[in-house]
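Novice: Before I ask anything, here is the structure I am working with.
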Amino acid sequence: MKNTDTFELDKQPTLKAVMANIMGQEVSVTHRGMPEGNSEAHYSGNPCDDPPGNHPGEGTPFEQGGSPDLQWQPGPLPSSDSRDLKGTAPAIFDGNRKNMEQFMQEFTLYQMINQESPIMKYAYTCTTLALSFMRGAAIDDWVLRQTDQLYVRCNGDALGGITSMCHMDDECLWAKFNQDFQRAFTDTASEQRAYGDLTNYTMGNKSIDEYIAQFKHLLQKVGWDCTSRGSLFQFKKGLKQQVHLKVHQC
């Protein structure tokens with residue numbers, strides 16, 4: 001491996017340092033005493049499951065305060081960092097459920113624009129990038145747990161006797177993160193709010209085009225068919241009186 005600097009972690013790695021290292025380079029971890037190149041996982045379970053013994057409150061490498069007996073070996077992938085990415089980065093997600101879908105939409109666009117970037121090509125760094133856009137009192141603990149679990153899945157935990165379970169390009173890393181994110185922050189009341197917005201929606205001072213566009217958006221949120229009787233009733237109900245009369249006469 002060219003231009004490889006090997007150094008030992010003699011001090012407890014901070015979350016900021018770990019995430020910065022993940023974002024800037026591929027990190028492979030070897031356990032002392034293991035034959036060189038023997039980094040294959042010997043874990044027999046599902047690699048997308050939570051690492052054994054690595055559950056909230058059970059003492060992960062960072063939560064224990066110890067220093068993992070590991071060697072970090074920067075590899076050639078990925079070679080770029082977040083400064084090379086194009087487009088507009090998603091707004092910081094602070095744990096507010098109302099903004100969850102908006103955040104995922106913005107991050108998906110960010111992924112698509114930068115799909116050739118090494119950061120986006122590898123599920124490990126792509127997931128870490130998404131986590132780096134999440135901060136706030138309502139989500140910090142969740143981010144810490146996800147970061148720790150992601151790290152252990154790909155790098156193992158020498159203190160806990162856990163070997164790596166996934167490669168950095170394993171798509172199950174992103175699938176597991178996305179599943180956990182949806183489960184934790186899906187806005188379960190959004191459909192109810194959308195129904196209330198739809199039943200109270202009126203044309204007001206909007207143009208007919210603006211009214212139709214917003215009405216269709218609300219129909220999609222509640223899952224109604226635009227040709228159903230209920231949809232047509234609500235559409236006519238919200239029209240201005242003079243427009244409603246013209247529609248009624250048609």
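The values are calculated or read from the model by the stated rules, or taken from the named source; none is laboratory data. Note that the structure is a prediction, hence the values are computed from the model and not measured. Reconstructed Cβ throughout: ideal geometry from the backbone, glycine too, with neighbour counts over all protein chains shown.
Novice: Looking at residue 76 and the list (1) over 28 Å from residue 220 (Cα atoms); (2) modelled with pLDDT under 95; (3) surrounded by 15 or more Cβ atoms within 10 Å (Cβ to Cβ), which single condition is not satisfied?
Specialist: The number of the failed condition is (3).
Novice: Is at least one residue of the stretch 202-212 closer than 12 Å to residue 239 by Cα and among the aromatic types (Phe, Trp, Tyr)?
Specialist: Taking every residue of the stretch 202-212 in turn, at least one turns out to be closer than 12 Å to residue 239 by Cα and among the aromatic types (Phe, Trp, Tyr).
Novice: Evaluate the following for residue 153: is it among the charged types (D, E, K, R) and within 14 Å of residue 181 (Cβ to Cβ)? Show your work before the answer.
Specialist: Working: among the charged types (D, E, K, R): yes; within 14 Å of residue 181 (Cβ to Cβ): no.
No; evaluated as a whole, the condition is false for this residue.
Novice: I'm trying to understand the selection: among the residues of the stretch 96-124, which are among the β-branched types (Val, Ile, Thr) and modelled with pLDDT of 95 or more?
Specialist: Hits for the stretch 96-124 are 108, 113.
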